[in-house]
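The values are calculated or read from the model by the stated rules, or taken from the named source; none is laboratory data. Given the structure is predicted, the values throughout are model-derived calculations rather than measurements. Here Cβ is always computed from backbone atoms with ideal geometry, including for glycine, and neighbour counts include all displayed protein chains. The accessibility values were calculated without ligands, DNA or RNA, using every heavy atom of the protein model including side chains. Shrake-Rupley method; radii C 1.70, N 1.55, O 1.52, S 1.80 Å.
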Amino acid sequence: MGIGVKENTKVAREMITKLFESTRVKIYDKKDVDQQMIYWSKNIKSDLIIPVLQKIMDNENIFTIWEKTAMFSGYFKILYFTHESFMVSEAKIAEILNNEIDYVENLTMPNEKTKQFLNNIDQFIFHRQHPELAIIRCTYPYKLDIKISLFGRQNLVHKAKKRLQTIINKNTMRIVQLRIPLYQQEYLLENSIEQLKDIEDEHKDDCVKIRIRETEFSAPQYLIDKIHEKIKQLMIQPVIFQYKGIGNSVQLTDDDIKKVHHIAEYNYCRIEKIESKVEMKVYSIPKASSQLTNISSSIIQQSNEFISSLSMRKISVLNGSIEIYLTDQTRTIPRDVTIISSPQDAIEEGIEYKNEYGYFEMKTGKKFLFHRWSPTVADGDKTNKKLKSSIHTFISSTLQNITTCCTSARKIVFLTNQWKHVGSQSQQQSLAHNLINEIKQEIEARKINWSILFIFNKEKIDLYKEFHQILVQYQTDQDGFAQFCSTVSTVQISVLTLSNLDLIKCEHEINNYVEKHFVIKRTITDELNIRQWDQHMINVFYKYCLNKSVLPMIDLMTNSQIHLIGSMLNVKKVMEKCKLMSEIFKERLSLQTQVASTSRTLFTKIKHPSQINVKGYNIYFSYCQYDQTICNRITTYLINEGYSLCETSLTTTKFQSDIGKSDVILISFSENYSKNKHSTDELNYAKSKGKILIPFVMRNTLEENSWLSSLTIAELFYDAFNSEIDIEFKDDFDFEYDKLLSRLLRHTKPGITGKIYSETATLPKISQTNEEYSNTNDAGFVTDQLSNDASLEHDSMSFNHSMSEAYFSSFNSNPGSCFNNEESSNYFYRLIRSTRPINHMQTSMEDNDTAWDTVSLLQAHINPDEDEIDDEWKTPEEIRKLEELDNPNRVWKNTRNAEKFIQQKLKNILEFKELCEKSS
């Protein structure tokens, strides 16, 4: 055992001797070889470097000992062993120093070191501690200036540098220019100095400075957006007035824009911008909540014609929709991207068919997705398995390409030219059903608010009908009964102001201008029982509105209101139409109740209590044979209402008998009627029998000198019936017919003859909302009214129009003032009452003596032969007429045909002016 110990000791001694013999020391001080190490030793004044070098070498399994020849200015010195057991060489050490170690010196710091920045640096150093990385931070007494260098493993240095650079950039102070107009700058200086100071105080640790006079502010990079938004909130915020109308009804010309700017400037406001756009929108016709059984066939026919004329259908799917359109003008349908599945589709869109698959965007911004596909229908495939698979592949791949190539797309159009080859009706049904189902599933699965549109031309109307039937099956209450699309023009006016009061006045005047020249918006409340309307009535009302270029929106789900947008005249006409429809509806409803129960309490007082005469007539229709065409249409409508009607007879005996059996005489009055002896005989006989006469006028607007003819008819009408024209069939048959039917229903009920009802019913009143500033004026001119808005109270002072005792006093008058005629007259009479006459008065009174005679103030200079004021006596009748003329509450009656004469006169003036302009 002792021998063994001696041998091991000897081996160890020999190895140690050899180890010391293999010891090598290198000092990196040779300028031609060790430039990098010399630079590090001279410029890195930190004792953190030696441990980092030692640790890197240890982790590389190289035994070394590092030190410096002097504390700060010495060179790096390394001790290592070349013995074979260590496998260390100078080349290996040099490779590690050159490739694995990096040094970043003095990263550029921000000029202003905020507290937030210094805290971030401290946090960075704390969290980046690593044995192979030295973060060298140099600080200076009594200074905020710092320098940071990085030394260590190359990958650690790069990561630390990147993170530190992010902190530096984030906290570097930037000067940001505020691009604000002069009026915004002045507003901030005058009204927001304290708020701007609060922003600076809130971010004082970040050295935020706001300089409004120089229209700039300085802040760290990470705070720029936040500070900018806070300053923006202190500025004058624009208020947007929006106006929309059907078609191109809201299009401001240059003169209109100038007028709007003038209105804004007059009310101390500023127009920031005016934006106009025209777009196609889809609107729903609401589904009725009630059904009626006594709707006339004429209403049903009009309703069906209107619905069949609609060329689109839509269903909602989550926040998206599926829509179909029948039109030959495919390019008019707005879309974000178009799916081209055949060369015919490309020709229809006016583009070149690029390839069978791919995405293409034109310079104009139009986007197309090419995907060649046509329906695959096999005769032997009864389950349409092949067709379903083909549709699934086509729809899923195209929609996937949309999400990849055009992520912002929301309206996607499928053209259907290639699909016309689908043969039988059952195959078309299968195609429509599977396509709609597949798209519905895709929208629900992807949860994207896509609107998928299928466009069919008139050649594919059969395929359109199959798609239409499928969508009708899928539609819900949210989709309404049907839909229609309409071009809508919208104008947005952005207004800036310093005062809410000025803004209210400006909005008022702009609203008045837009309503007078373009469109108005009115809301009708639920006083007309709209919720009880049948679907056919709703459809007919929508048809009438669209024919009048009025956009209707009926809300039956919440508050049962009708919103109308259109020109002033057309909206007024639609509101009258709505009243008439409601009145007719109530009459029909009461008639239905009367038939169901024998009660007569719902009707007005009966003039003739005789029993119902089944051989009698409700109406005797008297008209001239020259007007038979239009009268035949009225006859058809009235018969469809359920009236028993007898038309004009050719013999005297016959018409006298028929008139005697009729409850009401309906007269189609015209110039021909007044010249026709037989017609006038019918009229005179009806008058002699005391029959109820319901006349209306038939006008032909295509006649030459129609204005002169209208004046003639008005004169003749007044002579015949001693009243103005109320119902005139001129250019709005539906409206005038409703007026006629409403009048008839007040006197005679369909199916009930021999009973005549006195006219006590009145049209329902319409309550209008959202009309804070509007005022109905028969003359069509703007009238000034005080607003009910509380913010206007201090701007309008009540004025006492009664005469003050001292205002026109003869004792305290201002000789320098100037009175108008009314004030002067009042002053004169008060002067008479406040002074005594200049002549002598008898102080004693005797019976039957006159107490006071009216005398002139200038009696001494008046010729006694001249008439005095008190000598002019007037009769009681003359005094009554004068008082009536002076009565301020007098109701002035329009003279016969005065209104129509004025309208025609204005029209003639305008036509003459236009003729003169053309001639010049």
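Yes/no per residue for (1) in contact with a strand residue (DSSP E or B) (Cβ under 9 Å, 6 or more places away or on another chain); (2) farther than 15 Å from I412 by Cβ; (3) not assigned by the TED database to the domain that holds E348:
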| site | (1), (2), (3) |
| --- | --- |
| I452 | yes, no, no |
| L463 | yes, yes, no |
| Q469 | no, yes, no |
| V472 | yes, yes, no |
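Check off (1) more than 30 Å from V550 (Cβ to Cβ); (2) modelled with pLDDT of 90 or more for I263 and give me the number that stays unchecked.
Going through the list (1) more than 30 Å from V550 (Cβ to Cβ); (2) modelled with pLDDT of 90 or more, I263 breaks only (1).
Which residues, counting only those in the range 472-503, are more than 30 Å from A264 (Cα to Cα), in contact with a Phe, Trp or Tyr (Cβ under 7 Å, 6 or more places away or on another chain) and either open to solvent by 30 Å² or more (accessible area, probe 1.4 Å) or not polar (S, T, N, Q) (or both)?
F484
Quick one: in the range 733-752, which of the residues that are part of a loop (DSSP other than H, G, I, E, B) and open to solvent by 10 Å² or more (accessible area, probe 1.4 Å) is farthest from E576 (Cα to Cα)?
The qualifying residue farthest from E576 (Cα to Cα) is G751.
Of the conditions (1) over 26 Å from the mean Cα position of the chain (by Cα); (2) more than 30 Å from I146 (Cα to Cα), V208 fails just one. Which one is it?
Against the list (1) over 26 Å from the mean Cα position of the chain (by Cα); (2) more than 30 Å from I146 (Cα to Cα), V208 comes up short only on (2).
Return the residues of the range 398-455 that are of a type outside the set (A, V, I, L, M, F, W, C), open to solvent by less than 40 Å² (accessible area, probe 1.4 Å), more than 18 Å from K366 (Cα to Cα) and in a helix (DSSP H, G or I); say none if nothing qualifies.
N417, Q418, Q427, Q428, S430, N434, N437, E438, E442
For A378, which of the numbered conditions (1) within 16 Å of Q429 (Cα to Cα); (2) modelled with pLDDT of 85 or more; (3) not basic (K, R) fails to hold?
With respect to (1) within 16 Å of Q429 (Cα to Cα); (2) modelled with pLDDT of 85 or more; (3) not basic (K, R), A378 is out only on (2).
Within the group I125, I96, I135, which residue is touching an Asp or Glu at 6+ places or on another chain (Cβ under 9 Å) and at pLDDT 80 or above?
I96
Restricting the search to the range 167-194, which residues are surrounded by 14 or more Cβ atoms within 10 Å (Cβ to Cβ) and in a helix (DSSP H, G or I)?
Those that are surrounded by 14 or more Cβ atoms within 10 Å (Cβ to Cβ) and in a helix (DSSP H, G or I): I167, I168, K170, N171, Q184, Q185, Y187, L188.
Confirm whether S192 is out of contact with any strand residue (DSSP E or B) (no Cβ under 6 Å at 6 or more places or on another chain) and touching a residue at least 40 places away in the same chain (Cβ under 8 Å).
yes
Among M57, M71, M37, which is assigned to a loop (DSSP other than H, G, I, E, B) and either under 60 Å from the mean Cα position of the chain (by Cα) or not small (G, A, S) (or both)?
Checking each option against the conditions leaves just M71.
Checking the conditions here, which among E507, E466, E515 is among the acidic types (D, E) and open to solvent by 50 Å² or more (accessible area, probe 1.4 Å)?
Every option except E507 fails the conditions.
So which residues in the range 663-691 are in contact with a Ser or Thr (Cβ under 8 Å, 6 or more places away or on another chain) and assigned to a strand (DSSP E or B), if there are any at all?
Those that are in contact with a Ser or Thr (Cβ under 8 Å, 6 or more places away or on another chain) and assigned to a strand (DSSP E or B): D663, V664, I665, L666, I667, S668.
Does the range 345-356 contain any residue that is at pLDDT below 90 and small (G, A, S)?
yes
So that you can scan it fast, the table gives a plain yes or no per residue for (1) modelled with pLDDT of 80 or more; (2) over 30 Å from I175 (Cβ atoms); (3) among the basic types (K, R):
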| residue | (1), (2), (3) |
| --- | --- |
| I50 | yes, yes, no |
| S73 | no, yes, no |
| T114 | no, no, no |
| H130 | yes, yes, no |
| K147 | yes, no, yes |
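Picking from L569, L551, which residue would you name as being surrounded by 14 or more Cβ atoms within 10 Å (Cβ to Cβ), within 20 Å of D734 (Cα to Cα), under 24 Å from the mean Cα position of the chain (by Cα) and modelled with pLDDT of 90 or more?
L551
Being under 30 Å from D254 (Cβ atoms), modelled with pLDDT of 90 or more and either open to solvent by 70 Å² or more (accessible area, probe 1.4 Å) or polar (S, T, N, Q) (or both): is that true of S276 here?
Here the answer is yes, as S276 does meet what is asked.
Filter the range 888-920 down to residues that are of a type in the set (S, T, N, Q) and either in a helix (DSSP H, G or I) or at pLDDT 70 or above (or both), then give me how many there are.
So the count comes out to 4.
Pairs only if they're at least six apart or on different chains, beta carbon under 8 angstrom, first in the range 28-44 and loosely packed, with under 11 Cβ neighbours inside 10 Å, second of a type outside the set (D, E) and assigned to a helix (DSSP H, G or I); list them, first residue then second.
Qualifying pairs under 8 Å: K31/I38.
Keeping to the range 160-180, report how many residues are over 21 Å from Q116 (Cβ atoms) and touching a strand residue (DSSP E or B) at 6+ places or on another chain (Cβ under 9 Å).
Selection size over the range 160-180: 2.
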